[in-house]
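Chemist: Quick one: the structure is below, and I'll ask about it shortly.
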Amino acid sequence: MSGWLSRARDALSGRTAEIVPEPIQIPCPCGRTIETTRRESFQRVLCKTCGEPFFILPLDVYPRPVMKKVRPAKTPKNTPTTKSAASTDRTRIRESEGISAPVVTVPKIDLKQTLMKATRVIRRQFTATRIIVLGLLFVVGATGWWQWNRAALSRAEGDYKIAVEAGNTAIQKNDLLAAAQEFERATTALDLLRRKDIAAEQARQRLRELTAVNVLLQASLPEILVSSRQTKEKSDAGTAESNFAHLHSGRWIVLQTEIAWSSKDSKTFSWEQRVQIDESVMSINANLTAFSKIPVSLLPAASEPLVVAEPADQKEPARAKDPANAPQNSDSNAEISTEDSAHREIIFAAQIKSLRWNVQRSEWDLELNPNTGFLWSNYDLLIAAGLVPDEIRSEAQIKVMLLEQSRWIGAAP
């Protein structure tokens, strides 16, 4: 406020002070800027656009204060810039003197302290009230699940009994499709119950046998061999393989034959059968997982053709070995001698996978699905599949064979 004293003296002495005009600008809400000059007395100004009034104070009799110049603050000596410059100078000096720079060490983290902090944070979340609420929710959920599981198991037990009765009734009425559906429902219930007893295995076995009978191969092996040979002669082997896959792949075949102890693997059975018509040969090899359930016994080696379940009008006379020379008793736990070959006559079913032309041996290879094969056990369904008793194997002998196979698979009554 320099000069205020002289101005005051002038005012008291009656002399008029020098008036300096002071232009001002006032922004109006309408967006226009009002420009005017401040006077000795107050004044009222109106906006020419919107008419908004503005009150303007008179000139100040005191002079305006003079702002002092502010000096810039000095940079502290320990600032990052100073440190960086000093570090750079020290590094240059060390490099000129041949001294290596010090290794920068990373500050160590106290893992124990960090873990303790995290543990305390977690413990704060689990208050007594929250623990009680979570415990109640767990008890309610476990109780509800237990009740639901008991109800489901109870329903499954009832479905199993009803489905087995309905399936047996359908078999008696010769409605095998309906019987298969009922036993499939019974098997689903058994899987839920996790039952492995004899009754459960019998129901699963009925489903397998009904599936095979309902989707049985509709042509005999000789017919398939002749048809494949003719197709190969007219076009090529690939066409014959495609035709077979379209007509017969996925269907089932029921075989009565003799199976031998494998010479390659001393713990498994192997089976191979060759079907020949004129110069055409079909080789059937089966290494089914179901063969692992067959017990080992010492029987004399024999070569016996297979008997295939076929449609009644295409079925050839079955040829098999006369059982009169076979021993009456066999020990299922006997050990295998390296000089003898163990053979067993069995009846099994398997799903057909494919037919391939073997270029090296110039013959057809019929492949069976090893995971779907199973040993047969029911006599009535075996008759429905087309494999009937003959002069070589009587009804009583076949029933004894099926009963023995039922014991092997754990489905004997």
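Since every read-out is calculated from the coordinates, none of them should be taken as a lab result. Small disclaimer: the values here were computed from a predicted structure and weren't measured.
Chemist: Cα-Cα over 32 Å: which of LYS48/LYS68; LYS161/LYS399; LYS161/LYS293?
Modeler: Violating the 32 Å Cα-Cα cut-off are LYS48/LYS68.
Chemist: Which cross-chain or sequence-distant (5 or more) residues have an amide H under 5 Å from the amide H of GLU22, H modelled 1.01 Å from N in plane?
Modeler: The answer is ARG38.
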